[in-house]
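Let me begin by presenting the structure, written as structure tokens, before commenting on it.
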Amino acid sequence: MRIGIDIGGTKTAAVVLDPGDGVLCAVTHPTGYGPAEVLATALRCVTELAEGVGCAPGDFRSIGIGIPGAVNTATGRVDHAVNLGLVGFDLGAELAHRIGAPVRVENDVNAAALGAYRWVRGAETEPGTPGSIAYLNLGTGLAAGIILDGELWRGSRGVAGEIGHIPVDPAGALCPCGQRGCLETISSGSGIVRQWPVPDGESAVRSLMVAATAGNSAAVGVRDGLFVGVATAIRLLFLSVDVQRVVLGGGVTTMGEPLLSGVHGVLREWAARSAFLGSLRLDERIQILPDTFPAAAIGAALIGENSWQK
Ligand SMILES: [Zn+2]
């Protein structure tokens, strides 16, 4: 049995997978802030999952962790996870030492990409399982995880898929990365809040969609810009790595069907003007992950599945 832990900015979700990759048990807890709290939350998850399936914590074959930040996947060290208050923290080694099982740590979007890949394969009803997908995460930021021929592709420096920082508007807003007009400033949770501010505790995505549906012209502009930005990210992924599908996930995708139909509309408009794009049928090859599917936790459990033996 393998454990996957998705350590998010506000909550930590963890699952136990059986040998057939089915979810045996799942727990969720608020994520603490800082090294001691993050470690304690992960330990608590592992302990409860062990109780849930009736084994000792050290009996798990492997533990994988997905975390929002820059990680050294070889050592399990978290270089930076700003939202969690972690800098240079040996999360993998600390947890492995306490549990007595091997621990791997991965960036959360990459972990979710592995989970999304498993979801696509599981949902496949026709022969010919896709071997390559991109997972486009529309969360606070915008980033993609890329699975090529069934393997996670990190690139030479681990930044493969960081397409949120591709500038698309030279006159656009200044991005925290230092560039101007990045995709992330338009088509992400933070991009929406920047363009459509709401009081604390309110959902900017929901507020935007309600206002746009009611005909508020400013909201329509922000919403349509969001659709074009997401379609741009999708086109970029298809044309740069030629995956079979792009799977969308993350908080912004909770708007569901309106997002999908808005993005479909943009892709079809482009296809009508370009025989080349039209021939690729991009609009038929995108899907939204169900928001009940714990992609990052499941993907974390699958990290390095071929290289772990215990
Ligand atoms: Zn940027």
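For this structure, a couple of remarks:
- Rolling a 1.4 Å probe across the protein heavy atoms gives the range 36-147 an accessible surface of 38 Å² per residue.
- The amide H of Ala143, built 1.01 Å from its N in the peptide plane, has Asn137 as neighbours under 5 Å, considering only residues 5 or more places off or on other chains.
- The chain, relative contact order [Cα under 8 Å, separation at least 6], %: 19
- Mean Kyte hydropathy of 0.5 or more with a Cα span along the axis of at least 18 Å, helices from DSSP in the chain: 35-53, 217-241
- Electrostatic dipole magnitude of the chain [Cβ: Lys, Arg +1; Asp, Glu -1; Cα centre; debye, to 20]: 360
- Under 5 Å, built H, 5+ apart or other chain: amide partners of Asp90: Val78
- GNM flexibility winner over the chain from Gly256, Gly139, Gly122 (Cα, springs under 10 Å): Gly122
- Scalar couplings 3J(HN,Hα) for the range 142-155, obtained by applying the Karplus form with A = 6.51, B = -1.76, C = 1.60 to θ = phi - 60°, are 10, 7, 10, x, 10, 10, 10, 6, x, 10, 5, 10, 8, x Hz; x denotes Gly and Pro.
- Amide H contacts of Cys175: Arg180, Gly181, Cys182, each under 5 Å away and 5 or more positions distant or on a separate chain (H built 1.01 Å from N in the peptide plane; Pro and chain starts excluded).
- Charge tally around Ile166: other residues with Cβ under 14 Å, Lys/Arg +1 each, Asp/Glu -1 each, net -1.
- 3J(HN,Hα) along the range 7-22: 8, x, x, 10, 9, 10, 10, 9, 9, 10, 9, 7, x, x, 6, x Hz, from the Karplus curve 6.51 cos²θ - 1.76 cosθ + 1.60 with θ = phi - 60°, whole Hz, x for Gly and Pro.
- Ranked from largest to smallest solvent-accessible area, with a 1.4 Å probe on the protein heavy atoms, His97, His80, His264 come out as His97, His80, His264.
- Distance between the range 168-185 and the range 212-257 - C-alpha centres, whole angstrom: 17
- The residues Arg281, Arg223, sorted by heavy-atom accessible surface at 1.4 Å with ligands and nucleic acids left out, run Arg281, Arg223 from largest to smallest.
The values are calculated or read from the model by the stated rules, or taken from the named source; none is laboratory data. A quick note: this is a predicted structure, and the numbers were derived from the prediction, not measured. Virtual Cβ from ideal backbone geometry, glycine too; neighbours counted across all protein chains shown. SASA here: full protein model, heavy atoms, side chains in, ligands and nucleic acids out. Shrake-Rupley method; radii C 1.70, N 1.55, O 1.52, S 1.80 Å.
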